[in-house]
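Single-structure report; data block below.
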Amino acid sequence: MENQEVQQEFYSMPRIGDQAPDFTASTTKGQVTLSDFAKDKWIVFFSHPADFTPVCTTEMSGFAQRKKEFDDLNTELLGLSIDSIHAHLGWVSNVKEKTGVYFDFPIIADLDMSVSKKYGMLQPNEAETAAVRAVFFIDPKKKIRLVMYYPLNVGRNMDEILRALKALQVSDQHKVALPLDWKPGDQVIVPPPKTLDEMDKRNKETGIDRIDFYLSKKDLKV
Ligand code: BEZ
């Protein structure tokens, strides 16, 4: 039983809708406490398995090269791996020297795995001592809004990370849901009616694309 509890603590995963677990950690930009970090902004918090490895280098370079798009979405990037701060500094300088790409966002040095454990980034049947490729989308109230987990051998998709972030923000701002493959400019889903009266109203509504009372789409006026 005790062993089970330890396992649960070690491998528990925050879920969508949970408050993001707080932590203080050393990063390439100094100490970061999540609850004080990026006030009034979104955070895309992501892990990678190890410094000086190929897939991770392409992913971190992708975040760095598209940082302006995250800035434009009022979002701070925060990386993590179970490596030392010295390894991080060496890797950041090496990538800059070799490719000109600079990782201009904090990367947590989580050698004691304290943050990785809190975020379920250690998935023991994939790797015991390296974080998998996780992405947590954290809103300005520090609530977890979307979670992705990828294995060690498959890199993430930066277009999808940015699309999902934009979709969360549009959904919050306009109180709409977003259909399959939604991208900015596409129609959005009007919330379905919850009562018979609302359903009657919806059936008479004009200016929307109504397939049936439970599935209607509209253009977004922005
Ligand atoms: C990589 O980033 O290439 C990688 C890292 C850890 C394990 C496997 C691949």
Across segment 171-204, what is the total count of residues that are surrounded by fewer than 16 Cβ atoms within 10 Å (Cβ to Cβ) and in contact (Cβ under 8 Å) with a residue 40 or more places away in the chain? 1
Would you point out which residue out of GLY79, GLY62, GLY17 is closer than 18 Å to ALA164 by Cβ, assigned to a strand (DSSP E or B) and not β-branched (Val, Ile, Thr)? GLY79
Can you run down the residue pairs with Cβ atoms below 6 Å, 6 or more apart or on separate chains, where the first is in segment 38-58 and under 18 Å from LEU111 (Cβ atoms) and the partner is part of a loop (DSSP other than H, G, I, E, B) and within 7 Å of the ligand (Cβ to nearest atom)? PRO49/ALA130; PRO49/LEU152; ALA50/ALA130; CYS56/HIS48
Conditions (1) in contact with a Phe, Trp or Tyr (Cβ under 8 Å, 6 or more places away or on another chain); (2) part of a loop (DSSP other than H, G, I, E, B); (3) within 30 Å of GLN173 (Cα to Cα); number of the one not met by ASP40: (1)
Residues (in contact with a Ser or Thr (Cβ under 9 Å, 6 or more places away or on another chain) and open to solvent by 10 Å² or more (accessible area, probe 1.4 Å)) located in segment 107-144: ALA109, LEU111, MET113, LYS117, LYS118, ALA130, LYS142
For the list (1) over 27 Å from PHE63 (Cβ atoms); (2) assigned to a loop (DSSP other than H, G, I, E, B); (3) among the β-branched types (Val, Ile, Thr), I need the number of the one condition that THR129 fails. (1)
Hey, can you tell me all the residues within segment 95-106 that are in contact (Cβ under 8 Å) with a residue 40 or more places away in the chain and open to solvent by less than 60 Å² (accessible area, probe 1.4 Å)? VAL101, PHE103, PHE105, PRO106
Residue ID - farthest from the ligand (Cβ to nearest atom), chosen from residues in segment 147-176 that are in a helix (DSSP H, G or I) and in contact with a helix residue (DSSP H, G or I) (Cβ under 6 Å, 6 or more places away or on another chain): LEU162
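The values are calculated or read from the model by the stated rules, or taken from the named source; none is laboratory data. In this text the structure is predicted, and so the values were computed from the model without any measurement. Cβ: placed from backbone, ideal geometry, glycine included. Neighbour counts: every protein chain shown. When the accessible area is computed, the model is the full protein with side chains, heavy atoms only, and any ligands, DNA or RNA have been set aside. Shrake-Rupley method; radii C 1.70, N 1.55, O 1.52, S 1.80 Å.
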